[in-house]
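Right, one structure below, let's go through it.
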Ligand SMILES: Nc1ncnc2c1ncn2[C@@H]1O[C@H](COP(=O)(O)OP(=O)(O)OP(=O)(O)O)[C@@H](O)[C@H]1O
Ligand SMILES: [Mg+2]
């Protein structure tokens, strides 16, 4: 029996099969995309599915579709017959993306300029901070966290690219991975091999001689935390967290870690998971000066964010809404999303599959790629939302000048 979710044409094409409307009672489900995206989310993991793509799909849909097979409407009945017999043996399709190499910027040299405290606006005005252990900290850098109650929306992408923007203009910046369940910040930056976390892939990364600190083990390196961190070719320092290591770290320990980093760096960007109520997430959300709330255009993400925004952990005053992977065909427009979530203002990052993947292939951040629309959007957001004069180059980009923001940043960087 086949379950069909889609247009009349699709149902007619499958009229020869016994059709049901309940995926649970069918051996195979046929779903038409776009239009029935939510149905994909409702399916159980092991249900066999044929996806018929009849229009443009967004990245999220595409990622889900990759799990399944897709077919042309015309050839569908034949495909279904063979699929029903053999679906267990079939392999997932191989997807590859194209990119024009010449749109890359040259590697930006990393200097030690960012070791000195530069002109930070609000940061220097902050009072000294004392941790719960009564340890006092001499300086308090700016703390920005990326959070979303929904998975895969771009929390990691936003935090590393936002941090990369700052690092590239010489602001001493560290990115901390506090997604204990699925931490992948180091691999998302192309720094290390995801299967062998100690294997550094980025040839231009700076690697501490005696191994590098991780969130679970940061105390061991506390004496010289900055000198014990991996450094990406953008100049961004990284404190990685290996999945499932550190779940039991108490919030107080995380508070000390964040404040220690904020003492040594001008900017600390924190990548969080989807759970706002774990002790470490609570601590990070509490300490952050700005929380980038990452949203999407789909009902499911909006629902989860709405639920989160109703809790005491939401700290709505310091939250900036960033709607990521925006496509014109999204279920809601960014404006509608903001309205639904109760935000007067918002920023958006377009879906830029080519740019983001090209950056990944070259172990760069999207903001290091001239032609990346998502990277450009992050630069604008960073310049608007982070209180550093060095980032104030928004107009160059928005004004459509010949120079990209990146080249503006680079020339400034060279001027020192
Ligand atoms: N604007 C964008 N355009 C294209 N691809 C994007 C964009 N933003 C993020 N991505 C890609 O989408 C995928 C999911 O993003 P990311 O890992 O940052 O999400 P996340 O919210 O951190 O996910 P998780 O919940 O698993 O931690 C990644 O492969 C990322 O590179
Ligand atoms: Mg992530």
(request) Working only within the range 1-59, note down all residues that are under 20 Å from residue 299 (Cα atoms), touching a helix residue (DSSP H, G or I) at 6+ places or on another chain (Cβ under 8 Å) and surrounded by 15 or more Cβ atoms within 10 Å (Cβ to Cβ). (result) 5, 31, 32, 33, 34, 37, 39, 40, 43, 57, 59
(request) Could you look through the range 189-221, keep only residues that are touching a residue at least 60 places away in the same chain (Cβ under 8 Å) and within 16 Å of ligand 2 (Cβ to nearest atom), and pick out the one that is nearest to residue 148 (Cα to Cα)? (result) 189
(request) Kindly establish whether residue 280 is within 30 Å of residue 222 (Cβ to Cβ) and surrounded by fewer than 19 Cβ atoms within 10 Å (Cβ to Cβ). (result) no
(message) Go through (1) surrounded by fewer than 23 Cβ atoms within 10 Å (Cβ to Cβ); (2) assigned to a loop (DSSP other than H, G, I, E, B) for residue 219 and report which single condition fails.
(response) (2)
(request) Can you work out which of the residues in the range 269-289 that are in a helix (DSSP H, G or I) and touching a strand residue (DSSP E or B) at 6+ places or on another chain (Cβ under 7 Å) is farthest from ligand 2 (Cβ to nearest atom)? (result) 287
(message) Any residue at all in the range 357-368 that's touching a residue at least 40 places away in the same chain (Cβ under 8 Å), in contact with a strand residue (DSSP E or B) (Cβ under 7 Å, 6 or more places away or on another chain), under 30 Å from residue 200 (Cα atoms) and in a helix (DSSP H, G or I)?
(response) yes
(request) Could you tell me whether the range 272-280 includes any residue that is within 16 Å of ligand 1 (Cβ to nearest atom), out of contact with any helix residue (DSSP H, G or I) (no Cβ under 8 Å at 6 or more places or on another chain), in the same structural domain as residue 241 (by TED's automatic domain parsing) and modelled with pLDDT under 90? (result) yes
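The values are calculated or read from the model by the stated rules, or taken from the named source; none is laboratory data. This is a predicted model, so every value here is computed, not measured. Neighbour counts run over all protein chains shown; Cβ positions are idealised from the backbone, glycine included.
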